[in-house]
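The values are calculated or read from the model by the stated rules, or taken from the named source; none is laboratory data. Keep in mind the model is a prediction, meaning the values are calculated, not measured. Backbone-built Cβ (ideal geometry, glycine too); neighbour counts: all protein chains shown.
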């Protein structure tokens, strides 16, 4: 698990969904001393409730936060059960099950990282953080180390000002991310993970199951309430 330490007045952009992975990344970078600018995206996800959680956390930490509406691109990104206009229900089961592949949003992270890089360049920030981790490698192709490496090579030459893509938990599991967050005494009641945006988390989708598993294996109790 990589250590972070910012240079004095070093700026960085964090892609912040409001989920527990990006929440841990945000806090880790904040504690490392970066002057952070958080960026969240409404891409039409059924669980847009996570954006409310993101806004609340940024307000509490005094971090500038933008929520960007990119729902117009949904006409180009069909096929994912996560999109609000999709007819498919959110599948239930662990990420290891084949049906969870329906939650892949085509090329999502490439799009988000591209927009975040543009924002970083405008801020004269040298880094963009996002929460890719090892548990996502098998189902989400844009969370794999080779993807991060390739995008990093591009963002360093996309403008006269190079931008580095930072994924501090790229080789860590959700269990290890949570362990690091708990060591920082983070409150995960401030995060939303469930792919269903209902009043309470469903406890049955892949995101919920992975989250509950991480708490169980860290001998801790999830502060969220479940249906």
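Pairs needed: first member in the stretch 54-70, at pLDDT below 95; second member anywhere, crowded, with 18+ Cβ neighbours inside 10 Å; C-beta distance under 7 Å; at least 6 residues apart or different chains.
If the second residue must be crowded, with 18+ Cβ neighbours inside 10 Å, the pairs left are 70/41; 70/43.
In this structure, does residue 132 turn out to be in contact (Cβ under 8 Å) with a residue 24 or more places away in the chain and crowded, with 22+ Cβ neighbours inside 10 Å?
Numbers: in contact (Cβ under 8 Å) with a residue 24 or more places away in the chain: yes; crowded, with 22+ Cβ neighbours inside 10 Å: yes.
Here the answer is yes, as residue 132 does meet what is asked.
Across the stretch 208-227, what is the number of residues that are touching a helix residue (DSSP H, G or I) at 6+ places or on another chain (Cβ under 8 Å) and either surrounded by fewer than 18 Cβ atoms within 10 Å (Cβ to Cβ) or over 16 Å from residue 52 (Cβ atoms) (or both)? Write out each step before concluding.
Keep residues of the stretch 208-227 that are touching a helix residue (DSSP H, G or I) at 6+ places or on another chain (Cβ under 8 Å), which gives 210-211, 213-215, 217-218, 220-224, 226.
Checking the rest, the ones that are also either surrounded by fewer than 18 Cβ atoms within 10 Å (Cβ to Cβ) or over 16 Å from residue 52 (Cβ atoms) (or both) come to 210-211, 213-215, 217-218, 220-223, 226.
The total comes to 12.
Being surrounded by 15 or more Cβ atoms within 10 Å (Cβ to Cβ), more than 16 Å from the chain's Cα centre (by Cα) and either without any contact (Cβ under 8 Å) to a residue 40 or more places away in the chain or not in a strand (DSSP E or B) (or both) is the requirement here; does residue 158 meet it? Spell out the reasoning first.
Values: surrounded by 15 or more Cβ atoms within 10 Å (Cβ to Cβ): yes; more than 16 Å from the chain's Cα centre (by Cα): yes; either without any contact (Cβ under 8 Å) to a residue 40 or more places away in the chain or not in a strand (DSSP E or B) (or both): yes.
Yes; evaluated as a whole, the condition is true for this residue.
Select from the stretch 1-19 the residues that are under 22 Å from residue 71 (Cβ atoms) and in contact with a strand residue (DSSP E or B) (Cβ under 6 Å, 6 or more places away or on another chain) and write down the one among them that is surrounded by the fewest Cβ atoms within 10 Å (Cβ to Cβ).
Here the residue is 15.
Does the stretch 162-181 contain any residue that is free of Cβ contacts under 8 Å to residues at least 24 places away in the same chain and out of contact with any helix residue (DSSP H, G or I) (no Cβ under 7 Å at 6 or more places or on another chain)?
So in the stretch 162-181, the residues free of Cβ contacts under 8 Å to residues at least 24 places away in the same chain come out as none.
No; the residues of the stretch 162-181 include none that is free of Cβ contacts under 8 Å to residues at least 24 places away in the same chain and out of contact with any helix residue (DSSP H, G or I) (no Cβ under 7 Å at 6 or more places or on another chain).
Residue check: is residue 199 crowded, with 18+ Cβ neighbours inside 10 Å, under 23 Å from residue 52 (Cβ atoms) and out of contact with any strand residue (DSSP E or B) (no Cβ under 7 Å at 6 or more places or on another chain)? So that I can check it myself, show each step before the final result.
Details: crowded, with 18+ Cβ neighbours inside 10 Å: no; under 23 Å from residue 52 (Cβ atoms): yes; out of contact with any strand residue (DSSP E or B) (no Cβ under 7 Å at 6 or more places or on another chain): yes.
Considered against the rule, which asks whether it is crowded, with 18+ Cβ neighbours inside 10 Å, under 23 Å from residue 52 (Cβ atoms) and out of contact with any strand residue (DSSP E or B) (no Cβ under 7 Å at 6 or more places or on another chain), residue 199 comes out as no.
State which residue is farthest from the chain's Cα centre (by Cα) when the search covers only the stretch 101-126 and only residues that are part of a loop (DSSP other than H, G, I, E, B) and at pLDDT 95 or above. It would help to see each step written out before you state the result.
At the first step, the residues of the stretch 101-126 found to be part of a loop (DSSP other than H, G, I, E, B) are 104-107, 124-126.
Next, only the ones that are at pLDDT 95 or above stay: 124-126.
Details: 124: 22, 125: 19, 126: 19 Å.
So the residue we want is 124.
Exactly one of (1) surrounded by 18 or more Cβ atoms within 10 Å (Cβ to Cβ); (2) at pLDDT below 85 is unmet by residue 84. Its number?
Looking at each condition in turn, residue 84 falls short on (1).
Looking only at residues that are in a loop (DSSP other than H, G, I, E, B) and surrounded by 21 or more Cβ atoms within 10 Å (Cβ to Cβ) in the stretch 20-43, which one is modelled with the highest pLDDT? Break it down stepwise before answering.
Looking only at the stretch 20-43, we keep the residues that are in a loop (DSSP other than H, G, I, E, B), and these are 32-34, 43.
Filter once more, keeping what is surrounded by 21 or more Cβ atoms within 10 Å (Cβ to Cβ): 34, 43.
Values: 34: 97, 43: 82.
Per the criteria, the residue is 34.
Which of the residues belonging to the stretch 204-223 are modelled with pLDDT of 95 or more and part of a loop (DSSP other than H, G, I, E, B)?
Result: 218, 219, 220, 221, 222, 223.
Restricting to the stretch 164-196, what's the tally of residues that are in contact with a strand residue (DSSP E or B) (Cβ under 8 Å, 6 or more places away or on another chain) and within 22 Å of residue 56 (Cβ to Cβ)?
We begin by selecting, within the stretch 164-196, every residue in contact with a strand residue (DSSP E or B) (Cβ under 8 Å, 6 or more places away or on another chain); these are 164-168, 192-196.
With the extra rule that they be within 22 Å of residue 56 (Cβ to Cβ), the set shrinks to 192-196.
Number satisfying all stated conditions: 5.
Report yes if residue 74 is modelled with pLDDT of 90 or more and part of a helix (DSSP H, G or I), otherwise no. If you could, list the steps in order and put the result at the bottom.
Values: modelled with pLDDT of 90 or more: no; part of a helix (DSSP H, G or I): yes.
Against the criterion (modelled with pLDDT of 90 or more and part of a helix (DSSP H, G or I)), residue 74 does not qualify.
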